[in-house]
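J.: Below is the structure I would like to discuss, written out as structure tokens.
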Amino acid sequence: MNITAIKKILNEVYGWHDAKIKQLVGYDTLNYKVQTKDKTCILKVYPYDQETLEIIKGESQFQKSLQNLDCEYPLPVTTLSREEFIVSDDKIIRCLTFLEGLFLVDCNHTENLISHFGHTIATLNLSTKNLYIPSLQAKSISWDLSNAHWSRDDLDYISDTHERSIIDFFLLQFNIHVKSIEHTLPKQIIHNDANDWNVLCEGEKVCGIIDFGDAIYSTRISEIAVALSYIMVDKNDPIAIGQTFLKSYHETYSLTTKELDVLYYFIAARICISLISSAKSHKENPDNEYISVSKKGYWSLIYHWISTNPILAKNKFRAACGFSINKSPNITDIISERSLHTPAVLSVSYMSPIHMTSAAFQYMYGADGTCYLDAYNNISHVGHEHPGVIAAAQKQIATLNTNTRYLYDPLQEYSEKLLAKFPDHLDQVFFVNSGSAASDLAVRLARNYTQREQLIVMEHGYHGNTQQGIEISHYKYNSKGGEGKLNDILEAPLPNAYIDGFNNNSNSIGIRFAKNLLQSISNNNSIAAFIAEPISGCGGQIPLAEDYLKILYPYFREKGILTISDEVQTGFGRLGNQFWGYEMHGIVPDIIILGKPMGNGHPMGAVVTTRAIGDAFNNGMEFFSSFGGNPVSCVIGSAVLDIIENEKLQDQAKNSGKHFFERMKTIQTKYNIIGDVRGSGLFLGIEIVYPDSKSYQPNTDLAKHIKNEMRKMNILVSTDGPYNNVIKMKPPLCFSPQDINIVLDALESILFIQK
Ligand code: PMP
């Protein structure tokens, strides 16, 4: 509708002959500011349809019901014939009173102002508590938080795949934590859009609220979530802003603990819907500044939100309203209860153990409200509770979960996707449920194929918790409680460039260790296989020295000794430069063991091998794993591979790792207790020693101290190695360079005090 047509209507229908008209920016409807000598109005133009007309009538009724309150609300301005709207040229046109005031977005958000805002919204809600307007009752829009899941259809408008996953995460959490109890929350007609462009202020008071275009019948807590999601933007302590608002809201109109307990998810959902909507509108309308104006602040708020423990938010929101908070159970009590039924051999991390309740990407949330940065869990590979994994699992578990004795598509789809990551001749895969089951099977395959018994294992190697797993794990059979080496086991000393460098030239260590090993087995024709991790985890995050495997593998092949690479820790892109650990050594094994990250926490393991080795195993005895390769596991494994690719997580591991090594170079020059820094991508180790340039002296106590101090600073790392003096870090691959900074700042602060 052009300005001339509008002027004509103002002239003829409203009797305003000298009106000045200015178009205003907005999301959907066309809005104009109309000024005559004696009045200012807002003229709104909507495309006509009967439903819109009924809704507009409902909005007017809502607005008129608010006229006796302290705060001002727009009122319909009638035509010469006292109509609140007209229909012309397939358009609905109406005028509303113009309210004076400063937009909340342009005001200093003082405590008084936020508090008054809370009071104003509460007053609005209280006064319309029993309002019944059928057209608003029946209205269904995407901005209604009850319909938050609708926005998932538009997720692709978020171009960054990790950001998309964060939004998806919150929408999924909303479904899980809110949807099941939503029907028990108080509902009423709400304004539903008290954003800081719709709230007018004077001094430290809210004096007007405009734009009833999103008014609906919905949960009352949505009203608060919308208001808070805007005023929390760009604040150091968004939760404190929420508390100020809630306190005064609750004083005016009582909230329930049920509402406060899910407010965290409502706020997240609103931010997510806004981000999706603005990404969509931006794509369709790149020049509209109004649309992208709050985007940046919203992203920092959502990042802040994901690093906020939902329990903390819940407790603070409750406290603001004077409700009691849920006290976290006493750790000593939990430990003693656990000890009743959980054998003591299952250890717990840290001197002060942590009671975990939930997690998100690189964060883990404790029962006491603490949010931990997880720099250590190498199982939640693509991020804790990644929505892509959850959605795949939920759908499949609700559809079919059976075993490989039946035919089903996910097995074939996943097998192909996984095997595409290997050279063509490695085209057989056995699925099991753990790394231990996989290494057990790998050894059976090798012994069966070669009809030999002996195995070469690596010093400090670990391959599993089964009887056979222990028998091939030097780290276990050679340590406390271990029963020593069996006759069939041959040990290969770990080529450790750092320790060996104290005595020898570390450059040639791989060649030297390989040659020594070959010499020791030169006349042995009973060896079935050689098993090793490309980077020794339990050995202290030690990459096998350069050239070591390159020399060994051709010899083994010539002698009919099978090569097994345990990729349980090194696989799936963690190393940054390579997808599999064996690739860093320029070799290709005959058998590969997979586990840990494969299912992102869902118990999965696999053995990948050649057709010849797989076929030889078909010797009359069936191989069956009740759970291995079940449809749920397959779709989860498939989702993990997709996420690694879509979110470019291998690159992320590479970049974050690079940043780690760059910063560690400087830190190492300042603190001589750091003996060695090693690893690849996000498989990292820091060796803590007593400084002595002539001999190797591991500093176990300091490593333990660092680990526990980090835990006090809410950062999770662990220690490993034969002397437990290596700080190990294998975080989820979404770990960013900023996260690395948090860890290393903490490390420096601990070392500085130590100095
Ligand atoms: N191999 C390696 C290298 C491992 O690190 C582990 C687990 N720490 C295993 C095998 C055994 O895997 P799981 O615990 O899934 O049985």
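The values are calculated or read from the model by the stated rules, or taken from the named source; none is laboratory data. These figures come from a predicted structure and were not determined experimentally. All Cβ positions, even for glycine, are placed from backbone atoms using ideal geometry, and neighbour counts span all protein chains on display. What goes into the accessible areas is simple: the full protein's heavy atoms, side chains included, and nothing from ligands, DNA or RNA. Shrake-Rupley method; radii C 1.70, N 1.55, O 1.52, S 1.80 Å.
J.: Here are some residues: Y217, Y230. Which one is in contact with a strand residue (DSSP E or B) (Cβ under 6 Å, 6 or more places away or on another chain) and either open to solvent by 10 Å² or more (accessible area, probe 1.4 Å) or β-branched (V, I, T) (or both)?
T.: Only one candidate passes the filter, namely Y217.
J.: While we're looking at this one, here's another question. Looking at H381, is it buried (at least 19 other Cβ atoms within 10 Å of the Cβ), within 16 Å of the ligand (Cβ to nearest atom) and modelled with pLDDT of 95 or more?
T.: yes
J.: Something else now. Quick one: S358 ticks every box in (1) out of contact with any Ser or Thr (no Cβ under 7 Å at 6 or more places or on another chain); (2) away from the ligand (no atom under 16 Å from the Cβ); (3) not in a strand (DSSP E or B) except a single one, so which number is it?
T.: The one condition S358 does not meet is (3).
J.: Where residues in segment 125-137 are assigned to a helix (DSSP H, G or I), farther than 17 Å from V226 by Cα and in contact with a strand residue (DSSP E or B) (Cβ under 8 Å, 6 or more places away or on another chain), which of them is most open to solvent (accessible area, probe 1.4 Å)?
T.: Ranking the candidates gives Q137 first.
J.: On to the next question. Tell me yes or no: at least one residue of segment 569-586 is away from the ligand (no atom under 14 Å from the Cβ), in contact with a helix residue (DSSP H, G or I) (Cβ under 9 Å, 6 or more places away or on another chain), open to solvent by 30 Å² or more (accessible area, probe 1.4 Å) and closer than 30 Å to I158 by Cα.
T.: Yes: segment 569-586 contains one or more residues that are away from the ligand (no atom under 14 Å from the Cβ), in contact with a helix residue (DSSP H, G or I) (Cβ under 9 Å, 6 or more places away or on another chain), open to solvent by 30 Å² or more (accessible area, probe 1.4 Å) and closer than 30 Å to I158 by Cα.
J.: Please find, within segment 477-504, the residue that is nearest to the chain's Cα centre (by Cα) out of those that are hydrophobic (A, V, I, L, M, F, W, C), away from the ligand (no atom under 15 Å from the Cβ) and within 26 Å of E546 (Cα to Cα). Talk me through it step by step, then tell me what you get.
T.: Let us first name the residues in segment 477-504 that are hydrophobic (A, V, I, L, M, F, W, C), namely 486, 489-490, 492, 494, 497, 499, 502.
Among the residues that remain, those that are also away from the ligand (no atom under 15 Å from the Cβ) are: 486, 489-490, 492, 497, 499, 502.
Checking the rest, the ones that are also within 26 Å of E546 (Cα to Cα) come to 489-490, 492, 497, 499, 502.
Working: I489: 42, L490: 43, A492: 40, A497: 36, I499: 38, F502: 42 Å.
Per the criteria, the residue is A497.
J.: Out of S656, S633, S626, I need the residue that is among the hydroxyl-bearing types (S, T, Y), touching a residue at least 40 places away in the same chain (Cβ under 8 Å) and open to solvent by 20 Å² or more (accessible area, probe 1.4 Å). Which one?
T.: S626
J.: Let me ask you something else. Considering only segment 10-24, state which residues are touching a strand residue (DSSP E or B) at 6+ places or on another chain (Cβ under 8 Å) and either under 20 Å from W143 (Cα atoms) or open to solvent by 20 Å² or more (accessible area, probe 1.4 Å) (or both).
T.: Once the filter is applied, which keeps residues that are touching a strand residue (DSSP E or B) at 6+ places or on another chain (Cβ under 8 Å) and either under 20 Å from W143 (Cα atoms) or open to solvent by 20 Å² or more (accessible area, probe 1.4 Å) (or both), segment 10-24 yields V13, W16, K20, I21, K22, Q23, L24.
J.: Hey, does segment 717-725 have a residue that's in contact with a strand residue (DSSP E or B) (Cβ under 9 Å, 6 or more places away or on another chain), under 30 Å from T161 (Cβ atoms) and assigned to a loop (DSSP other than H, G, I, E, B)?
T.: Yes: one or more hits.
J.: Which condition does V105 not pass, out of (1) among the hydrophobic types (A, V, I, L, M, F, W, C); (2) more than 33 Å from the chain's Cα centre (by Cα); (3) within 29 Å of L24 (Cβ to Cβ), if it passes all the others?
T.: Only one criterion is unmet by V105, namely (2).
J.: Right, something else. Any residue at all in segment 592-610 that is more than 15 Å from the ligand (Cβ to nearest atom) and either in a loop (DSSP other than H, G, I, E, B) or modelled with pLDDT under 95 (or both)?
T.: For segment 592-610, residues more than 15 Å from the ligand (Cβ to nearest atom) and either in a loop (DSSP other than H, G, I, E, B) or modelled with pLDDT under 95 (or both): present.
J.: Further, regarding this structure: Have a look at K64, K57 and point out the one that is modelled with pLDDT of 95 or more, within 30 Å of G242 (Cα to Cα) and open to solvent by 30 Å² or more (accessible area, probe 1.4 Å). Explain how you work it out, then say what you get.
T.: Numbers: K57 fails: within 30 Å of G242 (Cα to Cα).
Of the residues listed, the single one that is modelled with pLDDT of 95 or more, within 30 Å of G242 (Cα to Cα) and open to solvent by 30 Å² or more (accessible area, probe 1.4 Å) is K64.
J.: Filter segment 139-167 down to residues that are touching a residue at least 12 places away in the same chain (Cβ under 8 Å), in a helix (DSSP H, G or I) and open to solvent by 20 Å² or more (accessible area, probe 1.4 Å) and give me whichever is farthest from P387 (Cα to Cα).
T.: Y157
J.: Another question, then. Would you list the strands (runs of 3 or more DSSP E) that sit entirely within segment 13-114 and hold 2 or more residues that are among the charged types (D, E, K, R) and at negative phi?
T.: Qualifying strands (runs of 3 or more DSSP E): 20-24, 91-97.
J.: Looking for whichever is more than 24 Å from N577 (Cβ to Cβ) and in contact with a Leu (Cβ under 6 Å, 6 or more places away or on another chain) here; the options are Y690, Y671. Which one fits? It would help to see each step written out before you state the result.
T.: Details: Y690 fails: in contact with a Leu (Cβ under 6 Å, 6 or more places away or on another chain).
Among Y690, Y671, only Y671 is more than 24 Å from N577 (Cβ to Cβ) and in contact with a Leu (Cβ under 6 Å, 6 or more places away or on another chain).
J.: Name the one entry in N315, N309 that is open to solvent by less than 60 Å² (accessible area, probe 1.4 Å), in contact with a strand residue (DSSP E or B) (Cβ under 6 Å, 6 or more places away or on another chain) and at pLDDT 95 or above.
T.: N309
J.: Considering only residues that are assigned to a loop (DSSP other than H, G, I, E, B), open to solvent by less than 70 Å² (accessible area, probe 1.4 Å) and at pLDDT 95 or above, look in segment 660-696 and name the one that is nearest to F752 (Cα to Cα).
T.: At the first step, the residues of segment 660-696 found to be assigned to a loop (DSSP other than H, G, I, E, B) are 671-673, 681-682, 690-696.
Now narrow it down to the ones that are open to solvent by less than 70 Å² (accessible area, probe 1.4 Å): 671, 673, 681-682, 692, 695-696.
When the remaining residues are screened for being at pLDDT 95 or above, the result is 671, 673, 681-682.
Values: Y671: 8, I673: 11, G681: 26, L682: 25 Å.
My answer is Y671.
J.: Just to be sure I understand the filter: pairs with C-beta atoms under 6 Å, separated by 6 or more residues or on different chains, first member in segment 485-496 and without any contact (Cβ under 8 Å) to a residue 40 or more places away in the chain, second member outside any loop (DSSP other than H, G, I, E, B) and open to solvent by 40 Å² or more (accessible area, probe 1.4 Å). Which pairs pass?
T.: Going by the 6 Å Cβ cut-off, the qualifying pairs are L486/E471.
J.: Still on this structure, please answer the following. Residues of segment 438-469 being among the aliphatic types (A, V, I, L, M) and more than 11 Å from the ligand (Cβ to nearest atom), which ones?
T.: L441, V443, L445, A446, L455, I456, V457
J.: Is it true that some residue in segment 250-272 is basic (K, R) and buried (at least 23 other Cβ atoms within 10 Å of the Cβ)? Full working, then the answer.
T.: At the first step, the residues of segment 250-272 found to be basic (K, R) are 258, 270.
When the remaining residues are screened for being buried (at least 23 other Cβ atoms within 10 Å of the Cβ), the result is 270.
Looking for residues that are basic (K, R) and buried (at least 23 other Cβ atoms within 10 Å of the Cβ), one finds at least one in segment 250-272, hence yes.
J.: Restricting attention to segment 318-338, report how many residues are of a type in the set (S, T, Y), part of a helix (DSSP H, G or I) and either surrounded by 12 or more Cβ atoms within 10 Å (Cβ to Cβ) or in contact with a helix residue (DSSP H, G or I) (Cβ under 7 Å, 6 or more places away or on another chain) (or both).
T.: Final tally of qualifying residues: 0.
J.: Given the criterion under 23 Å from G675 (Cα atoms) and within 37 Å of the chain's Cα centre (by Cα), identify the matching residue among H460, H474.
T.: H460
J.: Out of the residues in segment 527-544 that are in a strand (DSSP E or B) and either open to solvent by 10 Å² or more (accessible area, probe 1.4 Å) or not hydrophobic (A, V, I, L, M, F, W, C) (or both), state the one that is farthest from the ligand (Cβ to nearest atom).
T.: Among those that are in a strand (DSSP E or B) and either open to solvent by 10 Å² or more (accessible area, probe 1.4 Å) or not hydrophobic (A, V, I, L, M, F, W, C) (or both), it is P543.
J.: Filter segment 545-564 down to residues that are open to solvent by less than 10 Å² (accessible area, probe 1.4 Å), closer than 14 Å to E583 by Cβ and in a loop (DSSP other than H, G, I, E, B), then give me how many there are.
T.: Residues flagged as open to solvent by less than 10 Å² (accessible area, probe 1.4 Å), closer than 14 Å to E583 by Cβ and in a loop (DSSP other than H, G, I, E, B) within segment 545-564 amount to 0.
J.: Condition check: more than 10 Å from the ligand (Cβ to nearest atom) and of a type in the set (D, E). Does D566 satisfy that?
T.: Spelling it out, it is not the case that D566 is more than 10 Å from the ligand (Cβ to nearest atom) and of a type in the set (D, E).
J.: Also, I was wondering about something else. Among the residues that make up segment 612-622, is at least one of them in a loop (DSSP other than H, G, I, E, B) and buried (at least 24 other Cβ atoms within 10 Å of the Cβ)?
T.: Within segment 612-622, not a single residue is in a loop (DSSP other than H, G, I, E, B) and buried (at least 24 other Cβ atoms within 10 Å of the Cβ).
J.: Take the residues in segment 412-437 that are of a type in the set (D, E) and free of Cβ contacts under 8 Å to residues at least 40 places away in the same chain, then tell me which one is nearest to the ligand (Cβ to nearest atom).
T.: Top of the filtered list is E416.
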